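Asker: Quick one: this structure, given as structure tokens, is what I'll be asking you about.
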Amino acid sequence: MGRISPEEYCSRNASGTVVVLDNVRSAYNVGSAFRSADAFGASRVYLCGICAVPPSAEIHKTALGAEEAVPWRHFADTLEAVATLKAEGYTVVAVEQTENSVKLDGAVRGVPPETRATLGRAKYAFIFGNEVEGVQQSVVDASDFCLEIPQHGTKHSLNVAVTVGIVLFATSPAR
């Protein structure tokens, strides 16, 4: 099937995408985020606050080893991760429903038109929030913009692991 080793993944991976988990409390959701990050070629995963970190049996159960392939780092505070990413030239995107959020509607990488010109060389960090509270308001405020998945049912939220998969698929540079 043409699968690569974790070592090959780390050596070739420069997608310019970082997944940031803001106080995601379920180790199973963390593991699923690792698996989606691996599937869609994310460069790194940042685990912030109360997130479980590898090694963990619960993370491994859903990550199926992706936590060994995708480089990761833990930050005690998500704002520290945001500052680090901005210093490295990343556009920081909170995946959250806000008054001025950009709808992920199939547009190229889901970013505002004024940003699309830089896509060939752009680096994006997508922040996904806690299962109950979402992305912290201070983190939303520190982000460059917010991205929202349009929803048409009676519920207006998705499981964080599902959200990671949707956003990474829709914004993948390989699409």
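The numbers here are math on the coordinates, done by the rules we state, and not lab data. Keep in mind that this is a model prediction, so the values were computed, not measured. Backbone-built Cβ (ideal geometry, glycine too); neighbour counts: all protein chains shown.
Asker: Tally the DSSP beta bridges in the chain and give the antiparallel ones as a percent, rounded to 5.
Answerer: 5
Asker: Another question about this same structure. For the chain, what are the DSSP H helices with axial Cα length of 15 Å or more and mean Kyte-Doolittle hydropathy of at least -0.5?
Answerer: Span-like helices in the chain: 27-39, 160-171.
Asker: Related question: Please state the relative contact order of the chain as a whole percent: Cα pairs under 8 Å, 6+ residues apart?
Answerer: Here the relative contact order equals 26 percent.
Asker: How large is the helix-only mean residue ellipticity at 222 nm for the chain, computed as the sum of -39500 (n - 2.57) over DSSP H runs with n ≥ 4, divided by its residue count, in deg cm²/dmol to the nearest 500?
Answerer: -9500 deg cm²/dmol, from helical runs alone.
Asker: Separate question: What ranking, highest mean first, results for peptides 70-83, 48-61, 148-161 when packing means the other Cβ atoms within 10 Å averaged over each residue?
Answerer: Going by the mean number of other Cβ atoms within 10 Å, highest first, we get 70-83, 48-61, 148-161.
Asker: Between the stretch 46-75 and the stretch 134-175, what is the separation of their alpha carbon centroids in Å?
Answerer: What the calculation gives is 20 Å, centre to centre.
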